[in-house]
Amino acid sequence: MAIEIIITSDGSHSLLNTELNETYHSVHGAIRESVHVFINKGFDLIAKRDHPKEIHILEIGFGTGLNALLTLQRVLNDSIKVFYTTIETFPLSEEVWSKLNYTDTLGAKEHFEKIHRALWSQWQEITPNFQLFKVNGEFQHALFPESNYDMVYFDAFAPSKQPEMWEADVLKKVVDLIRPNGVFVTYCAKGQLKRDLKSLGLEVETLDGPPGKKEMVRGIQSL
């Protein structure tokens with residue numbers, strides 16, 4: 001996989017997959033996009049709605065580790081304990097991830113390194129309230145350590161670049177992993193995605209997108 005580090009509009013890095021001609025994050029701001037989509041519109045909804053002691057998250061597309069780092073930071077001074085499962089088909093080499101500049105803005109360099117160096121296919125404690133389980137493989141064939149998640153961060157490449165990840169059978173596997181009243185969030189707002197999620201029983205909301213993107217999608221699993 002051929003990748004290049006790029007600088008997005010908020011000064012944070014992303015990666016360009018030159019084979020797909022697709023970036024890992026919005027060019028309008030990698031950190032800004034991830035905070036808006038996955039933390040503000042995802043994690044915070046459950047945290048404020050349910051006041052949980054634990055949140056079990058499944059991330060589809062570990063990528064640069066940015067979403068994991070932001071989620072860890074969200075609970076550093078909180079009583080919520082996160083069990084974070086993430087899957088990646090093509091993990092980055094240390095040569096690449098060690099050059100990413102997220103910790104210049106966010107701090108937590110030690111946490112970022114621990115996230116990337118965590119062993120695969122076993123639970124690892126990154127902080128006392130952030131437990132990480134990394135899966136290396138294709139989502140379609142993967143087995144996960146849990147069967148019901150409070151939240152799914154769906155962060156695959158765009159449908160135009162990775163269409164197989166947005167097909168109805170894949171989305172069904174995703175939705176089947178979400179507990180009743182659980183939450184699905186993604187940066188994508190394609191009409192077909194919304195129709196498919198509705199057909200699978202989610203209550204679908206079209207929300208304001210991050211800077212540079214008009215809309216995003218959030219789905220709530222039926223009770």
Whole angstrom only: what separates the Cα centroid of region 17-68 from the Cα centroid of region 139-207? 14
Region 116-161 shape via C-alpha gyration tensor axes, a/c threshold 1.5: prolate
GNM top mover of THR85, THR71, THR105 - the chain, alpha-carbon springs below 10 Å: THR105
Between GLU164 and ARG195, what is the label-point separation in nm under the 7 Å Cα-to-beta-carbon projection? 2.4
Return the equivalent ellipsoid semi-axes of region 89-211 as a descending list in whole Å, where each equals the square root of 5 times an eigenvalue of the C-alpha gyration tensor. 28, 18, 16
4 °C / 1.567 mPa s Stokes-Einstein diffusion coefficient of region 54-112, Kirkwood radius on C-alpha pairs, µm²/s: 105
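Could you please report the charge total around PHE83, scoring K, R as +1 and D, E as -1 over all other residues with beta-carbon less than 12 angstrom from its beta-carbon?
Taking every other residue near PHE83 into account, the sum is -3.
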Could you state the principal axis extents of the C-alpha atoms in region 1-109, from the largest down, to the nearest angstrom? 42, 27, 23
Assigned charges on the beta-carbon of Lys, Arg, Asp, Glu; the chain dipole about Cα centre (debye): 520
Multiply the residue gap between ASN148 and LEU207 by 0.36 nm, knock off their C-alpha separation, and tell me the result in nm, one decimal place. 18.8 nm
Three principal axis extents, largest first, for the C-alpha atoms of the chain, in Å? 43, 39, 33
For THR103, placing the label point 7 angstrom along Cα-to-beta-carbon and taking region 59-81, residues whose amide nitrogen sits under 16 Å are 64-73
What are the lysines whose alpha-carbon lies under 19 Å from the alpha-carbon of LYS213, with same-chain residues fewer than 8 places away excluded? LYS41, LYS161, LYS190, LYS194
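Readers should treat all values here as calculations from the given coordinates under stated rules, not as data from a laboratory. Remember, it's a predicted structure, so these values are computed and weren't measured experimentally. Cβ sites come from the backbone with ideal geometry, for glycine too, and all protein chains shown count toward neighbours.
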